[in-house]
Amino acid sequence: MKRIKVIVTLVAVMLTISLQVSAQKRIRHSYRNVPQTVTVEEVIKNFKQYLEDIPYFSEATLQSLNDEVTEHIDKLQHWKDRKGYIQENNLTEFVASQEEELKNQKAGTSAVIDQFMTQYSGKLISDTTACRDSLENIVYDKLAKLETNLNVLERELNDNDKGAGGELPLTTILAIAGGILALLIIWAIISSSKKKKKKTAPVVNTTNINRGPNKANPNEPGIVVRRKTATILKKQSLEDVIDNPHYMKIDLEDCCYESAVRRMYIKDTCVMDIYNMYLPDLESPQDAKEYGCMVLGRWVYDAENSEYYVSLEQVVLPGDDAVFDEYELNFGGKIKLRVLETLRKLRRETNLQYDLTCWVHSHPGLTVFFSNADSNVQDQLKHPQHPKFLTALVIDTLTPTMETGVFTYHRDMTLNSRNDLKILYSLKEWYAWAQKSIEAKEEVKEERPTEVVAPYFNTLAESKEHTTACFGINLSRDMIVDICMSLSNQTNGIAGIIHGQSNKKDQLTEYIAERLSDNDKEENLELLGCFVVTPHLSIPSVRKIIGDKIGQYKFVLVYTPTDGMLTSIPVMADDLCSYESCYGIQKLEDLKLWTKKNR
């Protein structure tokens, strides 16, 4: 019996050991089957190296091509016998072949990426969609400069008015020289007479200069100091804002202690744009990420009290190179160009000194505060001579009221913190005020006599450049109504197919969009394009949404609900035009107002 017990015990021990060894093997095997995780940053780094091994995409090849094209452009702009230079270097054929090659390389981008991604089969990439978008952007960014230079060279070739005839005739040169000599003699006589009449200017004691109205003598105007920006002198003024009912007034002494900014004036349309920017957070709070924008406006400085008054008027959104994630906020580089371009436009149209007066970003679900990273951004954006007028809005979009904090510099140049805030504002309350303000504005407009308007709205009318193949995109009233109707149930993707007519005159083609439908064919109408809805304008994303049908279209309309903008993008060589200067950009609200006038 004892022997039997010993044998049974030994067998039990051996079975236990065997089971443990088998379990450990299964565990090791299961660990081996877990896919390896790869970060997007690692994939991007490897892809850039991968492109260097492809002859066309290597930096050396593209730089060589760009240098060659740039050299031709430079010589055409300064060469006397332009026609001779073009013929001698076969430039027409050169441009055609390079554009064809560029088109083929762009068409093969997906294949290049697919081939590269084969090395990651069986591995887990943290965000595959974002990764592919980034890889596409890298390729298109590489080709963008060459594409731009080829277009410039093509325009030079087509410009027949430049340098058509070599040297000017001798009689013309003599006539010009005689005219210049006569002008110089007249100028010398006038200058001499002015010097005789001129008196010595009195010396001014600069220590007694008053930088405002002269308090001792109210009738004598003070010296107004204006800042010169980009070689254009603009007026620093908020006269049209202070008592304007369409600007919300915020006294910052009610909000925070010792603020260098005494008062903010926020335009109603600016509030609407900021609110609309965060609509995706309200619709899908589980997907909320940090997002932001820049705000342009004006400012004046009260030297006597050492404080500023600022306005917030025009929102500028980031470009497609921005990176916004749950805990990451990177505005990218393209927003700088957008800010500069918008500033130039505002200063030119108003003759007032607009500047970056505020920047906005969200802390979804994290509460309202100003982090060290936020302070670094504030310091980078501040004005070099007047840093204290820059303000910042931080919004927690996941709170019921969309809590909003206003952060500014103290008078001693330190930044205020969350503990310095006396109150938090509500973006939803601001939005309700803006709605009423804009409705009141529209009621006043409707009381005015009806204006005579065109039967179509040309979305490319204000574009800086136009292509011959898509010189104008004209939307009918019914088309605009169809667009608005389609947005009631549409989230993202293709919201409809555009049908209408084309009109060609003097080699320029314009399109008339009459109807938006779900069908590719409409009786008696041509297929013109498609209407796309996407949260943010990104050319790679739009390409992906449309797919291989893009070659069928003449243009694409893209609506971004975050800012309420409708962007018209021509299609060139079976692809979306990559030049933003050729785009048409309008607020959908403005198109709605246009339809009301055109009833």
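What number comes out for accessible area per residue over region 237-381 if the probe is 1.4 Å? Units Å², please. Walk me through the numbers on the way to the answer.
Numbers: 6450 Å² over 145 residues.
Solvent-accessible surface per residue comes out at 44 Å².
Which length gain, in nm to one decimal place, applies between residue 79 and residue 242 when the Cα-Cα distance is subtracted from 0.36 nm times their residue separation? Display every interim value, and only then the final one.
On the way: separation 163, 0.36 × 163 = 58.68 nm, distance 5.59 nm.
Between residue 79 and residue 242, full extension yields an extra 53.1 nm.
Gain in length, residue 352 to residue 544, computed as 0.36 nm per residue apart minus the alpha-carbon separation, to one decimal in nm?
64.9 nm
Given a 1.4 Å probe and the protein chains all in place, what does the accessible area of residue 361 round to, in Å² to the nearest 10?
Near enough 0 Å² of accessible area.
I'd like the accessible area for residue 379, computed on protein heavy atoms only with a 1.4 Å probe and all protein chains in place. Round to 10 Å², please.
About 70 Å², rounded to the nearest 10.
DSSP loop (so not H, G, I, E, B), at most 14 other Cβ within 10 Å: list which GluC sites (Glu not before Pro) in region 513-575 pass both filters.
Of the GluC sites (Glu not before Pro), the ones in loops of region 513-575 whose Cβ has at most 14 other Cβ atoms within 10 Å are 523.
Count charges around residue 438 for me, please; just the other residues with Cβ under 9 Å from its Cβ, Lys/Arg as +1, Asp/Glu as -1.
With Lys, Arg at +1 and Asp, Glu at -1, the neighbours total -2.
Residue 593 to residue 428: FRET efficiency via 1/(1 + (r/R0)^6), r the Cβ-Cβ distance, R0 30 Å, to the nearest 0.05?
Calculated value: 0.80.
Please identify every one of the GluC sites (Glu not before Pro) in region 283-376 that sits in a loop by DSSP and has no more than 10 other beta carbons within 10 Å of its own beta carbon.
Values: sites: 283, 290, 304, 307, 313, 326, 328, 341, 349; in loops: 290, 304, 313, 326.
Qualifying residues, ordered by number: 304.
The values are calculated or read from the model by the stated rules, or taken from the named source; none is laboratory data. In this text the structure is predicted, and so the values were computed from the model without any measurement. Glycine gets a Cβ as well: all are built from the backbone with ideal geometry, and neighbour counts include every protein chain shown. Only protein heavy atoms, including side chains, enter the accessible area calculation; ligands, DNA and RNA are left aside. Shrake-Rupley method; radii C 1.70, N 1.55, O 1.52, S 1.80 Å.
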